[in-house]
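Here the structure is laid out as structure tokens; the discussion comes afterwards.
The values are calculated or read from the model by the stated rules, or taken from the named source; none is laboratory data. Everything numeric in this text was worked out from a predicted model, so none of it was measured. Cβ placement follows ideal geometry from the backbone for every residue including glycine, while neighbour counts extend to all protein chains displayed.
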Amino acid sequence: MEDIGPVSHRFVSQRLPLHYLDWGNPDAPLLVLQHGGRDHARNWDWLARALRHDWHVICPDLRGHGDSGWSPDGSYSIPFYVADFAQLIHQISDGPVSIVAHSLGGAIAMRYAGIWPERVKRLAVIEGLGVSVLDNEFAPVAQRWRQWVDERRALSSRVPRRYGSLEEAFTRMRAENAHLSIERARHLTIHGTTRNEDGTYSWKFDNYVRSNLPLGVSQEELHAIWHNIDCPVWLVHGADSWARHPEEEGLAAHFKQAKVTSYEKAGHWVHHDRFDSFLTDLKSFL
């Protein structure tokens, strides 16, 4: 197969135009790579190139991220993401799919797999068990709603940060992700920014992705969703990350069949920080 880049496609979910990358090889088994929050589909380029000869690799941009549309009313909570994810798979696949998902993408994929267990063959989740306001014990309902309204009002006056050059944005990327190589940080910066009319650069994601609805599921309900997943699950952790270890608090025990790998010298982006080891282990898992 000629090693060319991916093809961009559009689909519509909940009236919103969304984007995904297709790495070709349509006769191969389908593998969906889902990025995390404030990220984009080009985060997977290295992994997609390594897997495209054996898999039909699809990389969607979440709503409000990358080259997908921005929600007019700033609807960026888990139920909206899950509905988008379900719509994508409904359109591109008749059979069960394999999924690799990172961070917020992992939270989305685990919910999808627990709601439609018959639709998922294998699920690899990188750092997807981190603390989420949707999964914590709730504060009193009036307090949650009041905080949410205040948060939305504050976001209405927030404008995307502007960088004078790509180099300035690249420096910011490197500061936020110390484990990233220079090559990867530059690639992710180039594909993760858009140029403004005045010549400056801003990140592609919508600032409203920082806001979640004051609704959600309890820990018990979330664990029940995890337990409803029928396929093998691989929970991946970076030993230098802020995220919870999958075996802490018995989290991995809520899955019917889960294995856990924690990588030394890796932060939140394990698939970048320990790429070769992760790729070898992923191929074995898939």
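From the residues in segment 151-163 that are exposed (fewer than 11 other Cβ atoms within 10 Å of the Cβ) and in a loop (DSSP other than H, G, I, E, B), which one is farthest from the chain's Cα centre (by Cα)?
Of everything passing the filter in segment 151-163, 157 is farthest from the chain's Cα centre (by Cα).
From the residues in segment 196-217 that are touching a residue at least 60 places away in the same chain (Cβ under 8 Å) and more than 19 Å from residue 103 (Cα to Cα), which one is surrounded by the fewest Cβ atoms within 10 Å (Cβ to Cβ)?
Applying the filter and picking the extreme gives 215.
Just to verify a result, which residue in segment 1-55, among those that are farther than 21 Å from residue 184 by Cα and aromatic (Phe, Trp, Tyr), is surrounded by the most Cβ atoms within 10 Å (Cβ to Cβ)?
55
Across segment 238-286, what is the number of residues that are in a strand (DSSP E or B) and of a type in the set (Gly, Ala, Ser)?
First, the residues of segment 238-286 that are in a strand (DSSP E or B): 238, 258-263.
If we keep only those that are of a type in the set (Gly, Ala, Ser) too, we end up with 238, 258, 262.
Within segment 238-286, residues that are in a strand (DSSP E or B) and of a type in the set (Gly, Ala, Ser) number 3.
Determine which single condition residue 82 fails, assuming it passes every other condition in (1) part of a loop (DSSP other than H, G, I, E, B); (2) surrounded by fewer than 20 Cβ atoms within 10 Å (Cβ to Cβ).
(1)
Can you work out which of the residues in segment 64-89 that are out of contact with any helix residue (DSSP H, G or I) (no Cβ under 9 Å at 6 or more places or on another chain) and not aromatic (Phe, Trp, Tyr) is farthest from residue 111 (Cα to Cα)? Step through it out loud before you land on a result.
Keep residues of segment 64-89 that are out of contact with any helix residue (DSSP H, G or I) (no Cβ under 9 Å at 6 or more places or on another chain), which gives 69, 72, 77, 80, 83, 87-88.
Among the residues that remain, those that are also not aromatic (Phe, Trp, Tyr) are: 69, 72, 77, 83, 87-88.
On the way: 69: 22, 72: 24, 77: 13, 83: 10, 87: 14, 88: 15 Å.
Looking at the filtered set, the residue picked out is 72.
Give segment 180-195 a look and list any residue that's in contact (Cβ under 8 Å) with a residue 24 or more places away in the chain and not in a helix (DSSP H, G or I), or say none.
Result: 180, 181, 193.
Give the residue that is farthest from residue 255 (Cα to Cα), with candidates limited to residues of segment 197-237 that are part of a strand (DSSP E or B) and not aromatic (Phe, Trp, Tyr).
202
Go through (1) exposed (fewer than 15 other Cβ atoms within 10 Å of the Cβ); (2) in contact with a helix residue (DSSP H, G or I) (Cβ under 6 Å, 6 or more places away or on another chain) for residue 171 and report which single condition fails.
In the conditions (1) exposed (fewer than 15 other Cβ atoms within 10 Å of the Cβ); (2) in contact with a helix residue (DSSP H, G or I) (Cβ under 6 Å, 6 or more places away or on another chain), residue 171 misses (2) alone.
Which residues, counting only those in segment 37-70, are under 11 Å from the mean Cα position of the chain (by Cα), part of a loop (DSSP other than H, G, I, E, B) and hydrophobic (A, V, I, L, M, F, W, C)?
Answer for segment 37-70, where residues must be under 11 Å from the mean Cα position of the chain (by Cα), part of a loop (DSSP other than H, G, I, E, B) and hydrophobic (A, V, I, L, M, F, W, C): just 62.
Counting only residues that are under 15 Å from residue 177 (Cα atoms) and among the basic types (Lys, Arg), which one in segment 251-286 is nearest to the chain's Cα centre (by Cα)?
274
Look at residue 280 and say whether it is modelled with pLDDT of 95 or more, in contact with a helix residue (DSSP H, G or I) (Cβ under 7 Å, 6 or more places away or on another chain) and closer than 30 Å to residue 50 by Cα.
In short, no.
Residue by residue, here is whether (1) more than 25 Å from residue 272 (Cβ to Cβ); (2) of a type outside the set (Phe, Trp, Tyr) holds:
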position: 102; (1), (2): no, yes
position: 110; (1), (2): no, yes
position: 116; (1), (2): yes, no
position: 124; (1), (2): no, yes
position: 145; (1), (2): yes, no
position: 154; (1), (2): yes, yes
position: 158; (1), (2): yes, yes
position: 165; (1), (2): no, yes
position: 169; (1), (2): no, yes
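Does segment 267-278 contain at least one residue that is in contact with a Cys (Cβ under 9 Å, 6 or more places away or on another chain), of a type outside the set (A, V, I, L, M, F, W, C) and surrounded by fewer than 16 Cβ atoms within 10 Å (Cβ to Cβ)?
The answer is no; no qualifying residue exists.
Here are some conditions: (1) more than 18 Å from the chain's Cα centre (by Cα); (2) assigned to a helix (DSSP H, G or I); (3) not aliphatic (A, V, I, L, M). Residue 73 meets all but one. Which one does it not meet?
Status for residue 73: all satisfied but (2).
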